[in-house]
1. When the Kirkwood hydrodynamic radius is evaluated over all pairs of different C-alpha atoms of segment 102-146, what value in angstrom, to one decimal, is obtained?
2. Compute from the Cα atoms of segment 98-249 the Rg and the Dmax, the latter being the longest Cα-Cα distance, and quote both in angstrom.
3. When the chain is modelled as a GNM with alpha-carbon springs shorter than 10 Å, which of Leu266, Leu57, Leu124 fluctuates the most?
4. When 1/r is averaged over all different Cα pairs and the result inverted, which Kirkwood radius in Å belongs to segment 172-287?
5. May I ask you to list, by number, the DSSP H helices of the chain whose Cα span along the axis is at least 18 Å and whose average Kyte-Doolittle hydropathy reaches -0.5 or more?
6. Looking at (1) 5, 20, 25, 19, 12, 9, 6, 3, 1, 0; (2) 4, 15, 14, 10, 11, 11, 9, 6, 4, 3, 4, 4, 3, 1, 0; (3) 5, 24, 34, 26, 9, 2, 0, which value of P(r) over Cα pairs in 10 Å bins from 0, in percent comes from a calculation on the structure shown?
7. How would Ser17, Ser208 rank on accessible area, largest to smallest, probe 1.4 Å?
8. If you roll a 1.4 angstrom probe over the protein chains with everything in place, what fraction of the accessible area of the chain belongs to carbon and sulfur, to the nearest %?
Amino acid sequence: VSLFPALVPAFEAGIRSMVMIPLLSTEVVIGVLLFQSTQPRAYSDQEMKLAESVGSLFEGAIAKIQLFTERIRMEEELREIEARYKALFYRTLYCIYIHDLEGRFLDVNEATLNLLEYSREEILSLKLSSIIGEEQWPSVQKTLEEIQENGSQKNPIEYKFRKKTGEEVWVEVEASLLHREGKPYAIQGIARDITARKKGEEELRALSLVDELTHLYNRRGFFTLGEQQLKIAHRMKKEMLLLFADVDHLKWINDNLGHPEGDLALMDTANILRETFRDSDIIARFGGDEFVVLAIETPEVSHEILTTRLQENLKTYNTKRNSLYTLSLSTGVARYTPENPLTFEELLAQADAAMYAHKGTRHNSNLNGRMGN
């Protein structure tokens, strides 16, 4: 009944027989195969079955056309995705590189070439180990094993990459495993250049360890480096000397000549200590008017030699400088020996006590007749 209004024009045109075969695609009617005749009952059962067979052929052809069309659409999408990936891979500011499971580079983007200053041909002839220092390689190998086992690393890791010129740059790396046909075949790394950040951190760390006035190490810097040096001396069976020095009469200088003159006395003391001791020795302004030096003792560098050299340098300084006061230091020395090891605090306490004993045995100076203790 519902089809009657649509059939009226056919009957008005003299059509008396009609066969309609629905054409299906995934169980959805997408069209009709229509046979018409002006003769009543024009189609036999055999012709009806033939019409159904023709309809099935049409359905098969339509399905193939749809699959072909879908495949073309998917290929176009894949080409578009590939183009986007290549644009991201080659043009991003991050360094992206791919190497096989043995570490041989397979591909790198422009950012990687620019950072490491290699040509594409040069870097594709290298392995990952060529751009990473030997001291880092054990850590890198452990990370690569983790990636192959888990598919990716847990957290970004900081490494130093070596450029073609030999210069090192700091990078933060994240890497993951790549698969082909269900099997792992390569590792892709994404590296971010953090050299500027690391330099900033180093500068801040240096500021936190260096005295602003004298540019020697401060108390924190002395403890940080001194404790490390003491451990090395113990392991290497080396003796060390710790000298504790106090600038005499600094309060008088500040009170009578002003704090700028007192600051100058501290800076001059720092320069005299630099002249007296070696670059390898750790020299620090411990606080206020106190200075400390940690030095490895050798036959050429003993307690007596160092203190004598220090007093001679002070004498030379005072001879050349026309001042209202004589710059002098009270000193105390403690010795560290691996056979009778002391903690760093114990060594400092011994040197401090020796310095105060030295100060107590000295006569009070009046600073060219004008200064009291």
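The values are calculated or read from the model by the stated rules, or taken from the named source; none is laboratory data. What you are looking at is a predicted structure, and each value in this text was computed from that prediction instead of being measured. Here the Cβ positions follow ideal geometry from the backbone for every residue, glycine too, while neighbour counts run over all protein chains shown. Surface accessibility is based on the protein's heavy atoms, side chains included, excluding ligands, DNA and RNA. Shrake-Rupley method; radii C 1.70, N 1.55, O 1.52, S 1.80 Å.
1. Taking every pair of different Cα atoms in segment 102-146, averaging 1/r and inverting gives 11.4 Å.
2. 21.7, 82
3. Leu57
4. Roughly 18.5 Å, rounded to one decimal.
5. Those that pass (Cα extent of 18 Å or more, hydropathy at least -0.5) are 45-91, 259-276, 344-361.
6. (2)
7. Result, largest first: Ser208, Ser17.
8. Here it works out to 54 percent.
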